[in-house]
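The values are calculated or read from the model by the stated rules, or taken from the named source; none is laboratory data. Computed from a predicted model, the values in this text were never measured in an experiment. Glycine gets a Cβ as well: all are built from the backbone with ideal geometry, and neighbour counts include every protein chain shown.
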């Protein structure tokens, strides 16, 4: 009776390959059922130390996303990215560097591509078409090529396929002109009233509002983020050096130091002021004066390079970290919810030179790239969009395997025909 219902009866628990590679699991839904079955089997059999079985079991416990769930996660990714860009607008020189890069793309003698600078704009108020209204992306790679284990020749082809024409030049010109004007207004307010004034902060907030929708390409985005990271690391290294000198060598209570030092990181008069307020530590601090002031000079140099006091550098870094964490957590959710899609695609490429787990690993790389480039406002589901990126990653890895020098895919086809 149970067999008539389509339920297989076995005497012992099947392994993951039997479940995932069965002929009945030929599409995404079948892969989902296999993962769910494996999770149920594992829970009945008990704990396992096999990392593969643990991976399959945990993957099966993650709920699938609906279209609404995908949109909600994609919005959180955008929100995190906007927060990072908003924080970067407060970093002196960041907006100017992006404006300079944009001007380079408009050079009449040697114009660059807008897509080399940014991929578009994030507009939270933009409408979202229904799934039925939107057409899925049409990559310029045929099914036959993918099924033969061939991918695109390079990363640039991937990017050009996904960009679908790149940013609108007219919209970009209008937006960057607004940013340029607001940046000038912010500089004027800072020069007239000081950076900490209400007027300057209001102008900087308006600048951040205009700057935050820009979706920079990873090269420019990481450059700006790393600039903040490096500055904070340099400051913290010198702060740590001063704290070790004061707390460990001068034996100043940690709480006393933490209460007195913040806000005076680059103040050359801090040591004398602290010694006057705490005379019992003066004799211990005097031999350390040169080392402490050297560290403070390095902090002052970092402030001069960034054109911000330490407190504001840390505030920019704090806001940046919050935005990055928000986007990273949302991306993690999107990836975990689509891991079984990778398996459903990877199993079609077995017996082509790579182990099944290697195919899954390469497919996961493609999945992560798809999450980074997903445009939910175009209306199609994430799985429709991610399938191409996963297949590209897998087929490229098959084409690249065991080759010291990479041979383009079309040449591999020619070689196979000659054989």
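Take segment 63-78 and flag every residue that is outside any helix (DSSP H, G or I) and surrounded by fewer than 16 Cβ atoms within 10 Å (Cβ to Cβ).
63, 64, 66
Checking residue 215 against (1) in contact with a helix residue (DSSP H, G or I) (Cβ under 9 Å, 6 or more places away or on another chain); (2) more than 22 Å from residue 270 (Cα to Cα); (3) in a helix (DSSP H, G or I): exactly one of these is not met. Which one?
(3)
Give me a count of the residues in segment 52-84 that are under 26 Å from residue 322 (Cβ atoms) and modelled with pLDDT of 85 or more.
17
Go through segment 107-117 residue by residue and tally those that are touching a residue at least 24 places away in the same chain (Cβ under 8 Å) and either touching a strand residue (DSSP E or B) at 6+ places or on another chain (Cβ under 7 Å) or part of a loop (DSSP other than H, G, I, E, B) (or both).
2
Looking at (1) touching a residue at least 60 places away in the same chain (Cβ under 8 Å); (2) assigned to a helix (DSSP H, G or I), which is the only condition residue 346 fails?
That leaves (1) as the condition not met.
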